[in-house]
Structure formats: C-alpha cells, structure tokens
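Undergrad: Take a look at this one; I'll ask things after.
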Amino acid sequence: MTQQNVIEAKSLVKTYTPRGGGPVVEAVKGIDFVVKQGTCTGLLGPNGAGKSTTMKMLMGLTQRSGGSLDIFGHDSASLSREERTRIALVPQDDNLDPDLTVSENLTVYGMLFGIARSILKDRVPQILNYMQLSEKATARVGQLSGGMKRRLTIGRALVNDPDLLFLDEPTTGLDPQARVMIWQRILELKKQGKTLLLTTHYMDEAQRLCDHIIMIDHGKVLDEGSPAELIERHVKKHVFDVTKPIPLDLPPEDSEDVGDSVLFYVDDGAAFRKRLPEDATYLHRPANMEDVFLRLTGRKLRD
C-alpha cells in the first residue's frame, strides 16, 4: 500500500535581513523533502543548520520566501481551520499555564480547539492516564518535576487528536527513565497511524524512533534515508576507537583522528581485531547515527 505524502516541500527557501541591516541571509536554500503518512521522520542538524527555520515554516510561524510547502495536499499558507486542527506541536519549552492545574491545562487547550466540554470530560482523564499523570490531575503546574511537565506538554498536544504531530526536542533535559517512557509513547502514537516529525540532538533517539531521517546543514539537505541506510552509506559496520599511539596503517578515508585516539571504520570487525597488538587499548562498538552525524557535519563546535 502506497503511503501518502503528509508534508511535501519543493525548493523551499527562507531568507531574512538581519536586524540593523546587512546582506540578506539565506537560512534555507531550496530544500526538497517529503514526510510519509504514519511515519516518524527526523529533521537533524547542528545549531544554525536551518532546521529550526524549516520547522517554523512547517508550523506556520514564519512565511517561506520561495518554493512550495504542502501539508495534507494543500498549500501550508492557506490551510483551512479544519486542517489546522489536525496538527499539533510539542514545543521545545514547556509553555504551560502555571496558574492552572494539570487537568485545567488540558481542558483549556481543548476548548481553544472548540472541543465540547462533554468530550473533554472523558478525554482529559484518558490522556493523563496515558502520560502517567493521573495522580497529579489537581496539582498546579509549579508543583511538577521537569519530567512531569514534559509529559504534560506532550499530553496537551494530543487533546485535539492530531493526525500530524511536530515534536521539537521532545526529551531534552530528561532523565533516562523519563526519556524511555516518552519514547514508548511516541512509538505507540506511530502505531496508531499518527505522522510524526521531530528534531533532536540525541542521535540514539533519532535512530530508535525514526523511520526516515533528513540531515540538514547550512540550509541544505546533506542526505536522507532510514538510519540503517545512512549508517551503511557513510560509515562501515564497526567502529574501533583505538588509543594512540596507533600501530596500524589504514587508508585515511577509513579512519578519523579525534585527539587522544583514532576512530577506525571497518566492515570486518573480527579481522581488524586480529591486527591489533595484544596491548592495544581500544573500544569496539557498532556504527551508529552519531557517527553519521559527525561524518556529515564535522566535529567543530557550533554556537
């Protein structure tokens, strides 16, 4: 069965003039991508890559400067109210109302979508139970931990039962237990047929959750594909982190100097291990999306 394109961007451009004047900045430089129905797609890149600007255009927070951007088969700039109610956002910051209780935050949000109180009376407790917040229903937001606030923010995005969900850094700052719980909920939402688009700086998160990943930097798409496809294209199956001094002589494209050690990317891990001296200090692991990210975008720090 062919999956429909929920989002389709063609030659998408965003330019702006810096405050105080100066030359026009092209933040997004004519990118193309699609997001398929019922999938989780990751939009990844370092700071300043253009992914935040792209997300803002997708969410209608800023207008595009050129190209086309369709959501549900219609121009994103002219979506009907009904189409917009099929979309929800989990922002990077938990912008909850501190003066309201946990339940009231969901109820008020639902009323903004025109959802009847009779429906919300049943839906709000269901969402709180789903996000493991039932015991905090009458608590003020200020009494919640950071993990609870994050779960409430995600739960709030489910009040209108969206078909398309934008998740901006959904687990930033959370402890491992809270991260895993949210990962489980995201995977369950995908099983329900929801379409998810997320940004994250956690490459393990992207590798675990995403069916498709779009790597972006300097306003351009560097590559895209499933995590397995990207790993196969850009790094080999095994990574050996060997502490210097290095006794081996491998082609430069198969290794990367990272300071006190050298990373070797190889397909045959057993054969490579045999070449290492008995006293060599090394770490052997499978290649992952972090290797891909650093290979494509470099190791230089971004502000």
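The values are calculated or read from the model by the stated rules, or taken from the named source; none is laboratory data. Every value quoted in this text rests on a predicted model; they were computed, and no experiment measured them. Glycine gets a Cβ as well: all are built from the backbone with ideal geometry, and neighbour counts include every protein chain shown.
Undergrad: Against the condition more than 30 Å from Lys220 (Cα to Cα) and modelled with pLDDT under 95, how does Gly48 come out, does it pass?
TA: On the way: more than 30 Å from Lys220 (Cα to Cα): no; modelled with pLDDT under 95: yes.
When the stated conditions are applied, Gly48 does not pass them.
Undergrad: I would also like to ask the following. Could you please give the count of residues in segment 58-85 that are part of a helix (DSSP H, G or I) and touching a strand residue (DSSP E or B) at 6+ places or on another chain (Cβ under 6 Å)? Quick ask: steps written out before the conclusion?
TA: First pass over segment 58-85, keeping only residues part of a helix (DSSP H, G or I): 58, 76-78, 81-84.
Applying the additional criterion that residues be touching a strand residue (DSSP E or B) at 6+ places or on another chain (Cβ under 6 Å) yields 76.
Matching residues across segment 58-85 total 1.
Undergrad: Follow-up. Filter segment 14-45 for residues that are at pLDDT below 95 and assigned to a loop (DSSP other than H, G, I, E, B) and give the result.
TA: Hits for segment 14-45 are Thr17, Pro18, Arg19, Gly20, Gly21, Gly22, Pro23, Val24.
Undergrad: Same structure, new question: In this structure, does Asn105 turn out to be at pLDDT below 95, of a type outside the set (D, E, K, R) and under 11 Å from Leu152 (Cα atoms)?
TA: No; evaluated as a whole, the condition is false for this residue.
Undergrad: Taking segment 259-303 as the search range and keeping residues that are in contact (Cβ under 8 Å) with a residue 40 or more places away in the chain and among the aliphatic types (A, V, I, L, M), which one is farthest from Pro46 (Cα to Cα)?
TA: The selected residue is Leu283.
Undergrad: If you don't mind, there's one more thing I want to ask. Filter segment 125-167 for residues that are of a type outside the set (A, V, I, L, M, F, W, C) and under 17 Å from Lys190 (Cβ atoms) and give the result. Write out each step before concluding.
TA: We begin by selecting, within segment 125-167, every residue of a type outside the set (A, V, I, L, M, F, W, C); these are 125-126, 129-130, 132, 134-136, 138, 140, 142-143, 145-147, 149-151, 153, 155-156, 160-163.
Selection gives Tyr130, Gly155, Asp161, Pro162, Asp163.
Undergrad: Okay, moving on. Condition first: touching a residue at least 60 places away in the same chain (Cβ under 8 Å) and in contact with a Phe, Trp or Tyr (Cβ under 9 Å, 6 or more places away or on another chain). Now tell me which residues in segment 123-157 satisfy that. Talk me through it step by step, then tell me what you get.
TA: Looking only at segment 123-157, we keep the residues that are touching a residue at least 60 places away in the same chain (Cβ under 8 Å), and these are 153-154, 156-157.
Scanning segment 123-157 gives Arg156, Ala157.
Undergrad: With respect to Leu165, is the statement that it is under 18 Å from the mean Cα position of the chain (by Cα), under 21 Å from Val108 (Cβ atoms) and hydrophobic (A, V, I, L, M, F, W, C) true? Step through it out loud before you land on a result.
TA: On the way: under 18 Å from the mean Cα position of the chain (by Cα): yes; under 21 Å from Val108 (Cβ atoms): yes; hydrophobic (A, V, I, L, M, F, W, C): yes.
Yes; evaluated as a whole, the condition is true for this residue.
Undergrad: Can you spot a residue in segment 214-232 that is surrounded by 21 or more Cβ atoms within 10 Å (Cβ to Cβ), touching a helix residue (DSSP H, G or I) at 6+ places or on another chain (Cβ under 6 Å) and part of a strand (DSSP E or B)?
TA: Taking every residue of segment 214-232 in turn, at least one turns out to be surrounded by 21 or more Cβ atoms within 10 Å (Cβ to Cβ), touching a helix residue (DSSP H, G or I) at 6+ places or on another chain (Cβ under 6 Å) and part of a strand (DSSP E or B).
Undergrad: Sticking with this structure for a sec: So, in segment 31-61, exactly how many residues are surrounded by fewer than 15 Cβ atoms within 10 Å (Cβ to Cβ) and of a type outside the set (D, E, K, R)? Don't jump to the end; show me each part of the working.
TA: Residues of segment 31-61 surrounded by fewer than 15 Cβ atoms within 10 Å (Cβ to Cβ): 32, 47-48, 61.
Applying the additional criterion that residues be of a type outside the set (D, E, K, R) yields 47-48, 61.
Matching residues across segment 31-61 total 3.
Undergrad: Checking Met131 against (1) hydrophobic (A, V, I, L, M, F, W, C); (2) more than 20 Å from Asp175 (Cα to Cα); (3) touching a Gly at 6+ places or on another chain (Cβ under 6 Å): exactly one of these is not met. Which one?
TA: With (1) hydrophobic (A, V, I, L, M, F, W, C); (2) more than 20 Å from Asp175 (Cα to Cα); (3) touching a Gly at 6+ places or on another chain (Cβ under 6 Å) applied to Met131, the lone miss is (2).
Undergrad: Next up: Considering only segment 128-137, I want to know if a residue exists there that is basic (Lys, Arg), at pLDDT 95 or above and farther than 24 Å from Ile87 by Cα. Reasoning before the result, please.
TA: Going through segment 128-137, the residues basic (Lys, Arg) turn out to be 136.
With the extra rule that they be at pLDDT 95 or above, the set shrinks to 136.
Next cut, farther than 24 Å from Ile87 by Cα only: 136.
Yes - at least one qualifying residue is present in segment 128-137.
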